[in-house]
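Reading through the structure tokens given below for one structure.
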Ligand code: UGA
């Protein structure tokens, strides 16, 4: 089928590349010219395992093209996916102006029937506004449908998640749109939920909020464990074995970050409150996440006594492994707080150093960046595990002990076996485990 995508960001690019890999012809429009230039050369604007290779292959096969021209894309495509950003406003509500702009521009060039599909995460009822914007901006009467098809891919495993979803959600208001989207997804074997558009829109915010709630629940348990001597790893594993609960997304740690959970929770709280609903459940999910950094720092103080003048290594900057994304990364929140207290920081990450430097500038000797973990650990007074990169998990602990000034590790991801650290002579402070 002929597929148009508006927006060459995380969701748009993955959607485009994956659909082209399934044999469809894809046209991606992106308004930032520099990005389009790079994409035409096969260079994605972010790191995602396997994406660059697949993009290059699809370009070679002529299955995907990139342009700034929304008119050409609208004429070319049978189905148009809107994958533009919906960043949070001051009050937490998503800024939907890019969605409106996309809808208006599509309308200006619409000559024949098209299905226009929201894939970006949007508040429930956004399709009403998209439909209205298109209708008001049409040059002449043209039939069209608006649909919702939320995306559930995770950064770091985007291609795999896109091609092997747990379910596909299709929100439609006409048989015609339903049949087109079912045809598009006909080779996917997972359950397909065909529903009204509002339900489809709601499913996305509800999914992310529920997952964040599981994480905050595990983090709340870790607080109790640290005060009582219980072990959060054992507790979460055991509760997760109840199939009604499930073991996934119950990993206690330094808190969730990224471009989705923090933003989507705040948005969902706002959406509910505007409907007059008490959203305190999700406010607590957010509050528990916010205090993860405080708890981490008090643990660090318990080990170091004073922070001022100490050299602290941050192991992992990206908000999770296998990505260079630093949006809402706990590492940077922690780093800012430690700088305020007068620490010297050595930040290590295998992929995210360049992005981090833009957000939190290098300023030796106060703030230094490293792409070699051993150089970052040299003469450190303490190391903080913030992102569970393989490179961090696999550190040679004897060497770590040898090169640090004082061998102290505070672990926000529980990546090490406490026994092995003790044997290596390292003082170890995991999360939710009194040690
Ligand atoms: C999340 C959802 O998992 C996707 O399904 C969704 O499509 C995406 O948001 C989105 O809305 O676009 P993502 O933000 O890429 O995906 O990453 P996750 O793997 O969900 O991790 C989010 C954060 O939670 C990370 O900081 C991670 O370290 C943290 N986390 C995750 C925990 O602290 N504990 C866990 O048990 C799991």
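Computed from the coordinates by the stated procedures, all read-outs in this text should not be read as laboratory data. Owing to the predicted nature of the structure, the values given are computational and were not obtained by experimental measurement. Backbone-built Cβ (ideal geometry, glycine too); neighbour counts: all protein chains shown.
Descriptive notes on the structure:
- Restricting the calculation to alpha carbons of the range 174-289 gives Rg and Dmax of 17.9, 59 angstrom.
- Between helix 330-340 and the chain there is an angle of about 50 degrees, using the helix long axis and the longest principal axis of the Cα atoms.
- Crossing angle, helix 126-137 versus the chain [Cα axis fit, 0-90 degrees, rounded to tens]: 40
- With q set to 0.15, 0.16, 0.19, 0.22 Å⁻¹, the log10 of I(q)/I(0) for the range 301-435, from the Debye formula over equal scatterers at the Cα positions, is -0.64, -0.73, -1.06, -1.45.
- Cβ crowding within 10 Å averaged over residues, with 381-392, 259-270 ranked highest first: 381-392, 259-270
- For the range 101-179, the Cα-based Rg and Dmax, in that order, read 14.2, 44 Å.
- For the range 270-360, alpha-carbon Rg over 2.2 N^0.38 Å: 1.32
- Separation between Cα centres of the range 411-430 and the range 1-80, rounded to whole Å: 44
- Gyration tensor (alpha-carbon) shape descriptor, the range 43-164, a/c threshold 1.5: oblate
- Across every pair of non-identical alpha carbons in the range 122-161, the mean reciprocal distance, once inverted, gives a Kirkwood radius of 12.6 Å.
- Rg(Cα) / (2.2 N^0.38 Å) computed for the range 1-57, rounded to two decimals: 1.00
- Computed from the alpha carbon atoms alone, the convex hull of the chain holds 150 Å³ per residue.
- The C-alpha atoms of the chain define a longest principal axis, and helix 280-304 lies at about 30 degrees to it.
- A straight chain from residue 22 to residue 406 at 0.36 nm per residue would run longer than the Cα-Cα distance by 132.9 nm.
- Theoretical ellipticity at 222 nm over the chain - DSSP helices of four or more residues, -39500 (n - 2.57) apiece, nearest 500: -14000 deg cm²/dmol
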